[in-house]
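Data block below; observations after.
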Amino acid sequence: MKTLIKLGASILALSVPMGTVLAQEAAPSAAAAEPKVSLQSDVMAIVTTTDEAGQQTTQLTEPTEYTPGTKLSFGMNYTNGGTVPATNVTGTNPLNEAVRLSSDADPALMVSVDGGTTFGTLDTLSVAIESGGMRAATHSDVTHVRWTIASIAPGESGRISFPVIIR
Amino acid sequence: MRKSTQLLGAVSAAALVAMSSAPAMAEGIRAGTVVTNTVTVDYQVGGVDQTQIEATDQFSIDRRINVDVTFAGTGGGASAGTPFNAAPGSTGGPNGVALVYDVTNLSNDTVDLDLNAVLAADVGSNGTITAVFVDANGNGVVDAGEEVDFLANVLADETRQVTVLVDIDIDADDAETLQVDLNANAFVAGSMTAGGTGTEHVESGGNSTDPSTVDTALVDDDSTLSLDGARDGSDTDRAFVEVDAANVSVVKSSLVVSDPVNGATNPKAIPGAVIRYCIAVSNSGGADAENIVVSDSLPGEVNFNTGTIERNVTAVISSGVATCTPGSGDTATDSTGDTDGGGFDGGTNVVAGTLDDVAGSTTSGFMFEVTIAPAVLGTTTDTVTAALDTDNPD
């Protein structure tokens, strides 16, 4: 089932450049330069082990358990299979209500706590409380995660990920 | 290949679909919930917006089985240091020891819970578990239809109260202890039938990596009590009961107070001598001895001295001799019909009265005086009885 989803994403990604070509027909350089940004999203388990010396090692493994409290890594691999750079790349990831952002997420991560209307780092955001007024937002308030990449060069690939915990 | 350095701080004003806030779920998302993670990406080529692309990943929440049984503190003690004290003969109906436990389903799925009550310890073998029931009307008595051997369809986070009824035999001795364990074991919801049979939840073998499969994980701790182990889908808690019996002994002694010849100095038990009877009731048990009634049938050789009854006096028993302290208690008139707790019936020649409750490890006395009748020679015998009731210790 998971494989099918990934294939679906790939097919979708393949279809993108074709539309792009049509849209940019007027541009002389565009016909020879097709950006083919493709995505593969995945979910991995974050397993931290401690060896005899007390050294902690964190590994990403194929998850075997999806129970409340389990820590997972929501990741996305991207590749620019085209011949021109893709610029101003912005990925938006609404968080399923079944998970919350883990507290060890990168503090520089751009997040939203209001359903994706406004974004900022978590320490700059606040949420309304019932009794009136505002309180500082916490990791469990996060509704969306957003990341940006200024430019993905042709042939370049990379991975974006953030940790979540099943509620 | 994690490039967190590429998480740049750009802010976009793009409007996105609003989400409802996550509901409060203390024990987590329900098993079987499908979680889809969707990422949308916008990008530009040569400054021109391109068609948005999307990627998704999906998995199902697994079943997390956890059960909690906690003695609710009603009818018993939660630890060996604070046991509930029960009197011997606490049997049946409202007199049996009713131990109440909270049984909570901490799983993220509905389960049936198999119930088993065990006498983990029973010093003296005087305890009997007579019923496990859900006291729907809260009267502490097993009514028709209240007895259960399992709880059906307990929702995630739901707590139900289960009562274990224990009888304490009348022969139980003071300070005998009982430990009563209640175990609740998770079964597949709706699978159990009367008698406690059904499909027990077990850990899924070889955890499936197929994200669409709902595996079962047993995550409970080992309480180290009866029927419980780590990750076995069950929990046990224990209530402590200690038998609290009154252990009453009665000693009656007489003291010659004065005689007509020597007065109060080295008096002899000669006719006309005043004799003080001291009836000491000693309780060496842990419970109060209650409703103590003293009844003393006077021999014909002595005459009751009017106005000498005194109750609840300070008394000691030493070397088998009871000694009362005059003036330390409550006086009672001779009348038998009044409310002062003592009296003398001249028709039957009986002195009778009551004592206040005698607490554990204390002694209380009942005293009165008589005069030896003229022309008596030999031995007089006096019989006293002390009846008491310890059915309801404090």
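The values are calculated or read from the model by the stated rules, or taken from the named source; none is laboratory data. Please read these numbers as outputs of a predicted model, since none were measured by experiment. Cβ coordinates were reconstructed from backbone atoms using ideal geometry, including for glycine residues, and neighbour counts include every protein chain displayed.
Listed here are the residues, each with its yes/no results for (1) of a type in the set (Gly, Ala, Ser); (2) under 42 Å from the mean Cα position of the chain (by Cα).
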{"site": "B:THR314", "(1), (2)": "no, yes"}
{"site": "B:SER319", "(1), (2)": "yes, yes"}
{"site": "B:ASP338", "(1), (2)": "no, yes"}
{"site": "B:ASP357", "(1), (2)": "no, yes"}
{"site": "B:VAL370", "(1), (2)": "no, no"}
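Taken over the stretch B:294-312, the criterion of being among the small types (Gly, Ala, Ser) and either crowded, with 17+ Cβ neighbours inside 10 Å or within 36 Å of the chain's Cα centre (by Cα) (or both) is satisfied by B:SER295 alone. A single entry from B:ALA136, B:ALA117, B:ALA121 fulfils the requirement of being on the phi < 0 side of the Ramachandran plot and in a loop (DSSP other than H, G, I, E, B): B:ALA136. For the stretch A:94-121, the set of residues classified as part of a loop (DSSP other than H, G, I, E, B), touching a residue at least 40 places away in the same chain (Cβ under 8 Å) and more than 7 Å from chain B (Cβ to nearest Cβ) consists of A:LEU95, A:SER102, A:ASP104, A:ALA105, listed by residue number.
For B:ASN291, the conditions (1) within 14 Å of chain A (Cβ to nearest Cβ); (2) under 32 Å from the mean Cα position of the chain (by Cα); (3) part of a strand (DSSP E or B) are fulfilled apart from (1). Within the bounds of the stretch B:213-224, is there any residue that is more than 30 Å from B:ASP57 (Cβ to Cβ) and not acidic (Asp, Glu)? For the stretch B:213-224, residues more than 30 Å from B:ASP57 (Cβ to Cβ) and not acidic (Asp, Glu): present.
Entry remark, the stretch A:117-145: residues being closer than 25 Å to A:THR70 by Cβ and touching a strand residue (DSSP E or B) at 6+ places or on another chain (Cβ under 6 Å) number 9 in total. Kindly evaluate A:GLY91 against the criterion of being within 23 Å of A:PRO63 (Cα to Cα), part of a strand (DSSP E or B) and either more than 16 Å from the chain's Cα centre (by Cα) or of a type in the set (Gly, Ala, Ser) (or both). No; evaluated as a whole, the condition is false for this residue. Filtering the stretch B:155-178 to residues that are in a strand (DSSP E or B) and modelled with pLDDT under 90 leaves B:LEU165, B:VAL166, B:ASP167, B:ILE168, B:THR177, B:LEU178. The set of residues in the stretch B:192-206 that are among the hydrophobic types (A, V, I, L, M, F, W, C) and either under 17 Å from B:GLY229 (Cα atoms) or surrounded by fewer than 15 Cβ atoms within 10 Å (Cβ to Cβ) (or both) comprises B:ALA194, B:VAL202.
Checked against the criterion of being touching a residue at least 60 places away in the same chain (Cβ under 8 Å) and surrounded by fewer than 14 Cβ atoms within 10 Å (Cβ to Cβ), the stretch B:181-189 has no qualifying residue.
For the stretch B:233-246, the criterion of being outside any strand (DSSP E or B), within 34 Å of the chain's Cα centre (by Cα) and over 30 Å from B:ILE292 (Cα atoms) is satisfied by at least one residue. Out of curiosity, is B:ALA152 outside any loop (DSSP other than H, G, I, E, B), under 28 Å from the mean Cα position of the chain (by Cα) and either modelled with pLDDT of 90 or more or over 18 Å from B:ASN116 (Cβ atoms) (or both)? The answer is yes for B:ALA152.
Could you tell me whether B:ASP122 is crowded, with 16+ Cβ neighbours inside 10 Å, at pLDDT below 90 and in contact with a Leu (Cβ under 6 Å, 6 or more places away or on another chain)? It is true that B:ASP122 is crowded, with 16+ Cβ neighbours inside 10 Å, at pLDDT below 90 and in contact with a Leu (Cβ under 6 Å, 6 or more places away or on another chain). Of the residues B:ALA273, B:ALA332, B:ALA322, B:ALA280, the single one that is in contact with a Cys (Cβ under 8 Å, 6 or more places away or on another chain), surrounded by 14 or more Cβ atoms within 10 Å (Cβ to Cβ) and farther than 30 Å from B:ALA86 by Cα is B:ALA322. Scanning the stretch A:130-146 for residues that are at pLDDT below 90 and within 24 Å of A:ALA98 (Cβ to Cβ) yields a total of 1. For the stretch A:70-93, a tally of residues being over 22 Å from B:GLN44 (Cβ atoms) and either at the interface with chain B (Cβ under 7 Å from one of its Cβ atoms) or acidic (Asp, Glu) (or both) returns 1. Applying the condition of being in a strand (DSSP E or B) and not polar (S, T, N, Q) to the stretch A:51-88 and asking which residue is surrounded by the most Cβ atoms within 10 Å (Cβ to Cβ) yields A:TYR78. Exactly one residue out of B:VAL251, B:VAL261 is of a type in the set (Val, Ile, Thr) and either surrounded by 19 or more Cβ atoms within 10 Å (Cβ to Cβ) or within 14 Å of chain A (Cβ to nearest Cβ) (or both): that is B:VAL251. Across the stretch A:37-50, not a single residue is classified as of a type in the set (D, E, K, R), over 17 Å from A:ILE160 (Cα atoms), within 11 Å of chain B (Cβ to nearest Cβ) and surrounded by 12 or more Cβ atoms within 10 Å (Cβ to Cβ). Residue count for the stretch A:49-86, restricted to those that are touching a Pro at 6+ places or on another chain (Cβ under 9 Å) and β-branched (Val, Ile, Thr): 3. Can you find even one residue in the stretch B:227-234 that is touching a residue at least 40 places away in the same chain (Cβ under 8 Å) and among the basic types (Lys, Arg)? No, the stretch B:227-234 contains no residue that is touching a residue at least 40 places away in the same chain (Cβ under 8 Å) and among the basic types (Lys, Arg).
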